[in-house]
Each structure stands twice: as structure tokens, then as C-alpha cells.
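Before any comments, here is the structure.
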Amino acid sequence: MNTRPITVLLESRFQRDDADTWYTASSLEAGSGWAELVSVGPARLAARVSPGVAAGTRAVHGPTIALPNYTGVIGALRSLPALVRAIDRSVRGSSAVVVKLPGIIGLVAVGAARRARVPVIAQVVGDIEDVLHSGVAGRSGRLLAPVARAIVAAAVRRSRLVRYVTEHTLQQKYPPASDATAIAFSDVELLGAPAWQPSARDAAVRRVVAVGSQEQSYKGHDLLVHATAQLNARDLPYQVELILIGSGRTQSQLRELARALGQEGAVRFAGHISDPVKLRSLLLEADLFALPSRTEGMPRALIEAMGLGLPCIASRVGGVPELLPDEAIVAVGDVDGLREAIERVLSDEGLARRLSEAGALHAQRFAPEVREVRRARWLVEVARVARSGA
């Protein structure tokens, strides 16, 4: 029996109280959810943690290792020597390490595992090239995007087992080693059966909803505020209300943008919603779901909206082309194209119904029974890799 733990290194930031109990707002990481994929044996969690516990968080169970608590790329660079030492210590004595890529912690952990001769299990959840092209690290980030892609691709090739959240998009850009095992599945959980109904044809207000973190500008909520202003300046038979679900440090900038564009009354900030019942209810109030992201892996929120039968549009990033037809996809960063796509769906009930029906059918690829078959195989492979490193 394997008694050496699997070390799970996450990019998430946790919180802790005076008793050193960790907390998280993520339903996937609360309790022992962070270790679900390694339920095959003992596991420990290594991640950043900050003091103080916010309302609405839940406790984390299991052994934990605190990593240096940095913020942003500059903070990571300043903390890099301490981060490398801390991750080296956390990897030692592990039967395997589980990392998420792309991510600074994941990349450092792959190097540490190589030095310690510990097998790596990678979860590829996004495209670093898209992230840097989005402008989050400025002009220098755009220039370094091909280099970053090569670094992440090398880390993936050093992994014994790779889980992808896409069916083929990320696999093509970040292929596994020839002798590695690759599995594809998303852990998205549908919010229930399709239940969307369009607003009445004479409705004075049409609602567009978006879901995503506002910690960075990845989700393109600023693009939606601009598109809403353009739509409400047109001579349409309805006004557009934008519902933004999410929270984070850029929300103040989004609020200021809405005020500057005269859309303060047209943009509703709903905050972070963790209750799936409340989230479902708010999504079903809308006429359209929009995801104009600058980068994505396999977008959970988009799949959840599709599963409810809500018509959806999104930008051409990550796994989105695996989910939506071309008529529902817009170019990244194209406000005019986004406005035109929103207007097409809101003004054409036939198109809205076609997108609704096609999306609900496509979302069944993520039904629990389909996901659990692949998850079971994933757990078997995790156990095999952990045994080989014990």
C-alpha cells in the first residue's frame, strides 16, 4: 500500500483563521474536494494562503502546506526564490505531484518534481499563449507569448498523466509525451434540465447575462459594457440590460466605465453567486448568455448556460469552437462584432431558439453519467502513477 502522499499544488489562493484552518469560496475545493481526484490514497494540498476569512467561504479538510503569498506577475517574480524553496520542500517525499497548467506554481512544481524524481500529473486547463496575448502582462507579455507556450508545452511533455478540459484544442497546442496517458473531461456540473423561454416579442427590456471572475479582465466584461452602450444608442424596439455575475478587483473599473458611458442604470452587478439554485434562476431571467473572453480553457459557465437552453455567444478562444457554431462566435476583443452578435440573437427569435436547442443538446456531452466514466478512468490512472513513484 502506498503511504507516501500525493501533493496537489493549486494556483488558487486560500484563507485561514487563527487556528490555521483553511477556507475557500470554491465549491470544488471546499471540504476535501481539492483532493477528489486523488481519493486513491493520502494527499496534501500546497497553495497560497492569506490571513482572515471572508463571509461565504467553506472550510478545507486535510493536510496543507502554505506557499508564499504573492499577487500578480510582479509579486510572483519577487517571491520566486522563496516560492522555489517552498515547492521543493513540498514535493519531497511525494509519490506524485498534481499540478494545473498554465500557472507559475505548476511550472515551478514540474521543475521541483524533476529534480526530486517524482512523477508529475498535469491538468491542462488553459492556453498561456492566449492569456498573454490578452494583454494581461502588457506588451512584453505579448512578445513573450511564444516562449511561454514552449515552456508550458515542455512541462506537459514531462508529465506521466495529462488531463485536458478540451476534447482536442489544448491537446493540439500542448501535446503529451508519446508514452504518457491522456484523458479529456471537464468537471462542470449542469444546473438542471433546459428551462429557458424567450421574452415576449414586445418586451421593453432584453437581458444579456455574463458570468466570470472580475479579478482580471480575461472575461471581457468591459467589452460587454461597451457593446451595451452601443446597443442602447441605437433605435431598437427594446433596451438592453446587462447582468454581470462575478466579483474581483476590476469591478470598480467596470462600474466607472458604465457610468462614463451613461449605462449605470443598464448594467446590474450581481456579485459572486455560489448557490447553484440562485445562479440558475438568474440565468433563466436572461435572453442571451455572452462570454467575450480574451482567454479560456473549457468555459464552465458557458456549458452551464447551454445546459439550461439559454442562447449563447462567445469569443473564439480555447474550447469555445468545440461548443458553439460559427454564427455564435465572435473575434476576440471585437466590440462591434460582439454588438452585432447580441443584436442578431435578441432581434431574431428563430435564431435564438436554434441556438437554445443546439446548445442544450450539445451540453449533454457533459452530463454526469458521461463525466463519471472518464473520471473513473482518471482515478485509476492517478493511482497507477502514484504507485510507480511510491
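Figures for the structure shown
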{"read-out": "Looking only at the stretch 83-95, and only at residues there that are farther than 11 Å from A109 by Cβ and of a type in the set (G, A, S), the one that is least open to solvent (accessible area, probe 1.4 Å)", "value": "S95"}
{"read-out": "The stretch 227-255 - residue that is without any contact (Cβ under 8 Å) to a residue 60 or more places away in the chain and hydrophobic (A, V, I, L, M, F, W, C) and, of those, surrounded by the fewest Cβ atoms within 10 Å (Cβ to Cβ)", "value": "A233"}
{"read-out": "The stretch 297-309, subset in contact with a Gly (Cβ under 6 Å, 6 or more places away or on another chain) and open to solvent by less than 10 Å² (accessible area, probe 1.4 Å), residue farthest from L132 (Cα to Cα)", "value": "M306"}
{"read-out": "Neighbours by Cβ (under 7 Å, 6+ apart or cross-chain): first from the stretch 262-279, within 12 Å of A210 (Cα to Cα) and open to solvent by less than 60 Å² (accessible area, probe 1.4 Å); second assigned to a loop (DSSP other than H, G, I, E, B) and of a type in the set (G, A, S)", "value": "G271/S247"}
{"read-out": "Unique match (being free of Cβ contacts under 8 Å to residues at least 12 places away in the same chain and among the charged types (D, E, K, R)) among R375, R365, R316", "value": "R365"}
{"read-out": "Filter pass, I151 being more than 20 Å from the chain's Cα centre (by Cα), within 21 Å of Q216 (Cβ to Cβ), open to solvent by 20 Å² or more (accessible area, probe 1.4 Å) and β-branched (V, I, T)", "value": "yes"}
{"read-out": "Single condition A137 does not satisfy, out of (1) open to solvent by 10 Å² or more (accessible area, probe 1.4 Å); (2) closer than 21 Å to V49 by Cβ; (3) of a type in the set (G, A, S)", "value": "(2)"}
{"read-out": "Where a residue in the stretch 207-220 is in contact (Cβ under 8 Å) with a residue 60 or more places away in the chain and its partner, wherever it lies, is open to solvent by 30 Å² or more (accessible area, probe 1.4 Å) and not in a loop (DSSP other than H, G, I, E, B), with Cβ under 6 Å and at least six apart", "value": "R207/E241"}
{"read-out": "Answer residue from the stretch 220-249, given it is of a type in the set (D, E) and not in a loop (DSSP other than H, G, I, E, B) and is farthest from A203 (Cα to Cα) among those", "value": "D222"}
{"read-out": "Residues of the stretch 1-25 satisfying the condition of being farther than 21 Å from L83 by Cβ and touching a helix residue (DSSP H, G or I) at 6+ places or on another chain (Cβ under 8 Å)", "value": "N2, R4"}
{"read-out": "Near pairs, Cβ below 6 angstrom, 6+ apart or cross-chain, from the stretch 329-357 (of a type in the set (S, T, Y)) to any residue that is at pLDDT 95 or above", "value": "S356/W196; S356/G309; S356/P311"}
{"read-out": "Residue check for A203: in a loop (DSSP other than H, G, I, E, B), aliphatic (A, V, I, L, M) and open to solvent by 30 Å² or more (accessible area, probe 1.4 Å)", "value": "no"}
{"read-out": "Scan of the stretch 44-65 for residues that are under 17 Å from A109 (Cβ atoms) and either touching a Phe, Trp or Tyr at 6+ places or on another chain (Cβ under 7 Å) or of a type in the set (D, E, K, R) (or both), ordered by number", "value": "R44, L45, A47, R48, V49, T64"}
{"read-out": "Sole residue being closer than 30 Å to L231 by Cβ, aliphatic (A, V, I, L, M) and not in a loop (DSSP other than H, G, I, E, B), chosen from V147, V156, V208", "value": "V208"}
{"read-out": "Residue match in the stretch 310-318 (condition: of a type outside the set (S, T, Y), at positive phi and crowded, with 18+ Cβ neighbours inside 10 Å)", "value": "yes"}
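Okay, residues lined up against (1) open to solvent by less than 40 Å² (accessible area, probe 1.4 Å); (2) without any contact (Cβ under 8 Å) to a residue 60 or more places away in the chain; (3) more than 27 Å from F185 (Cα to Cα):
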residue: G31; (1), (2), (3): yes, yes, no
residue: W34; (1), (2), (3): yes, yes, no
residue: L37; (1), (2), (3): yes, no, no
residue: A43; (1), (2), (3): yes, yes, no
residue: P51; (1), (2), (3): no, yes, yes
residue: G56; (1), (2), (3): no, no, yes
residue: P68; (1), (2), (3): yes, yes, yes
residue: S79; (1), (2), (3): yes, yes, yes
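The values are calculated or read from the model by the stated rules, or taken from the named source; none is laboratory data. All values reported here derive from a predicted model rather than from experimental measurement. Glycine gets a Cβ as well: all are built from the backbone with ideal geometry, and neighbour counts include every protein chain shown. Keep in mind that these areas ignore ligands, DNA and RNA; they rest on the heavy atoms of the full protein, side chains included. Shrake-Rupley method; radii C 1.70, N 1.55, O 1.52, S 1.80 Å.
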